[in-house]
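Notes for the one structure printed next.
The values are calculated or read from the model by the stated rules, or taken from the named source; none is laboratory data. The shown structure was predicted, so the numbers you read here are calculated from the model rather than taken from an experiment. Using ideal geometry, Cβ is built from the backbone for each residue, glycine included, and neighbour counts are taken over all protein chains shown. Each accessible area value is taken on the protein alone, full model and side chains, heavy atoms only, with ligands, DNA and RNA left out. Shrake-Rupley method; radii C 1.70, N 1.55, O 1.52, S 1.80 Å.
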Amino acid sequence: MSPQDLKSVLQAGLLSFPLTDFDSELRFAPKPYADRLEWLQPYGASALFAAGGTGEFFSLEPGEYSEVIKVALATCKNRTPIIAGAGGGTTLAIKYAQEAERLGAQGILLLPHYLTEASQEGLIAHVQAVCKSVKFGVVVYNRGGCRLTPASLQVLADTCPNLIGFKDGFGDIEKFVSIRQTLGDRFAYLGGLPTAELFAGAYKAMGCPVYSSAVFNFIPKTAMEFYNAHAANDTETCNRLIRDFFIPYIALRNQGEGYAVSIVKAGATISGHSAGPVRPPLSDLKPEEFEQLRALMAPLGPQ
């Protein structure tokens, strides 16, 4: 898939990032992971981000990373494009990107680099180095320590033809509008805030109709119902789901640090498709929080 083909894929439909399955000893569990991808296939996500943020990319060592991408590609071959996560310092991010390309992924989502802050010049050099190390499409995730300005993105657009996507995880309306107006249709734009459904309407109004859904991992039927209503401007359905599910879900998610991943794994367990525990330094939901999530999911019915 060429970078431009990947860009076209990312401009419509629901995107998601599957959980990474671990066993009770916190080892990667390839068979349950493959089963998870098979379960999600019929719901029709446009593309999947394997080993992404919700897939606990930063907990994976390089050998595990390769296995996760291999299983995703083998399971979804000729059905759903696989975009691999890649991140860390520049040298490591290049290695991940090149490994994903070697294995046959359709592109990468370039996750934030590491702990320290970076200048715009440093961020430009980082993204350029990763883009120039591969031929397939790259989507940059504007989140954490990676906060690119419109001017920096213009430089990257001019120097990295395979940089075809911009995913926003900050929710800075002024900055996003400026980026969208400066870069126009040069990028595919993706909403990337945690529990993106709550912000989908605002992003669509800013020229970003596509987002990636975490809840697709455990309530795929409801996630698709919301996306289809969002795409059809069915505000009544969107508002109902936001009021009845997403707002109380976010309140529960906000009860613990790192719960944006932990609550999704808990939801998968409740739905009968457990992905095992999260890896430290993340922590699983407390028993009472788990039961609150179960009660919140019950009215949604079978998925």
Quiz item: In region 57-70, what count of residues is obtained for those that are closer than 15 Å to residue 276 by Cβ and surrounded by 23 or more Cβ atoms within 10 Å (Cβ to Cβ)?
Solution: 1
Exercise. Tell me which residues, restricted to region 261-303, are more than 18 Å from residue 219 (Cα to Cα) and surrounded by fewer than 14 Cβ atoms within 10 Å (Cβ to Cβ).
Key: 280, 281, 286, 287, 288
Exercise. Filter region 16-39 down to residues that are part of a loop (DSSP other than H, G, I, E, B) and out of contact with any Gly (no Cβ under 8 Å at 6 or more places or on another chain) and give me whichever is surrounded by the most Cβ atoms within 10 Å (Cβ to Cβ).
Key: 27
Quiz prompt | Scope region 97-128; condition open to solvent by 20 Å² or more (accessible area, probe 1.4 Å), of a type outside the set (Lys, Arg) and part of a helix (DSSP H, G or I); matching residues | solution = 98, 99, 101, 103, 120, 121, 122, 124, 125, 128
Self-check item: Residues satisfying the stated conditions in region 207-247, i.e. among the hydrophobic types (A, V, I, L, M, F, W, C) and in contact with a strand residue (DSSP E or B) (Cβ under 7 Å, 6 or more places away or on another chain)
Solution: 208, 210, 216, 223
Quiz prompt | Tally, over region 1-31, of residues that are within 20 Å of residue 187 (Cβ to Cβ) and more than 20 Å from the chain's Cα centre (by Cα) | solution = 1
Quiz item: In region 1-10, what residues are surrounded by fewer than 16 Cβ atoms within 10 Å (Cβ to Cβ) and not in a loop (DSSP other than H, G, I, E, B)?
Solution: 4, 5, 8
Quiz item: Based on what the data block shows, is residue 13 within 18 Å of residue 210 (Cα to Cα), open to solvent by 30 Å² or more (accessible area, probe 1.4 Å), of a type in the set (Gly, Ala, Ser) and in contact with a helix residue (DSSP H, G or I) (Cβ under 9 Å, 6 or more places away or on another chain)?
Solution: no
Exercise. Keeping to region 30-51, report how many residues are in contact with a strand residue (DSSP E or B) (Cβ under 6 Å, 6 or more places away or on another chain) and farther than 14 Å from residue 216 by Cα.
Key: 1
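Do you know which of the residues in region 247-303 that are among the basic types (Lys, Arg) and touching a helix residue (DSSP H, G or I) at 6+ places or on another chain (Cβ under 9 Å) is farthest from residue 197 (Cα to Cα)? Quick ask: steps written out before the conclusion?
Filtering region 247-303 for residues among the basic types (Lys, Arg) gives 253, 265, 279, 286, 294.
From what's left, touching a helix residue (DSSP H, G or I) at 6+ places or on another chain (Cβ under 9 Å): 253, 265, 279, 294.
Working: 253: 14, 265: 18, 279: 26, 294: 20 Å.
Result: 279.
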Quiz prompt | First in region 205-222 and on the phi > 0 side of the Ramachandran plot, second anywhere and surrounded by fewer than 24 Cβ atoms within 10 Å (Cβ to Cβ) and at pLDDT below 95, Cβ under 9 Å, 6 or more apart | solution = none
Self-check item: Which numbered condition residue 1 misses (of (1) under 13 Å from residue 107 (Cα atoms); (2) out of contact with any Leu (no Cβ under 7 Å at 6 or more places or on another chain); (3) at pLDDT 95 or above; (4) among the hydrophobic types (A, V, I, L, M, F, W, C))
Solution: (3)
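Scanning for something hydrophobic (A, V, I, L, M, F, W, C) and in contact with a Pro (Cβ under 6 Å, 6 or more places away or on another chain), does region 180-201 turn up at least one residue?
Here is the first cut: in region 180-201, the residues hydrophobic (A, V, I, L, M, F, W, C) are 183, 187-188, 190, 193, 196, 198-200.
Retained after the next criterion (residues that are in contact with a Pro (Cβ under 6 Å, 6 or more places away or on another chain)): none.
No.
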Quiz item: Which numbered condition trips up residue 42, out of (1) without any contact (Cβ under 8 Å) to a residue 60 or more places away in the chain; (2) open to solvent by less than 30 Å² (accessible area, probe 1.4 Å)?
Solution: (2)
Practice problem: Please specify each residue of region 232-255 satisfying the condition of being without any contact (Cβ under 8 Å) to a residue 24 or more places away in the chain and farther than 23 Å from residue 55 by Cα. | Solution: 232, 233, 234, 236, 237, 239, 240, 243
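Consider residue 92 carefully, then state whether it is surrounded by fewer than 24 Cβ atoms within 10 Å (Cβ to Cβ), under 19 Å from the mean Cα position of the chain (by Cα) and modelled with pLDDT of 95 or more.
Working: surrounded by fewer than 24 Cβ atoms within 10 Å (Cβ to Cβ): yes; under 19 Å from the mean Cα position of the chain (by Cα): no; modelled with pLDDT of 95 or more: yes.
Judged against the criteria, residue 92 is not a match.
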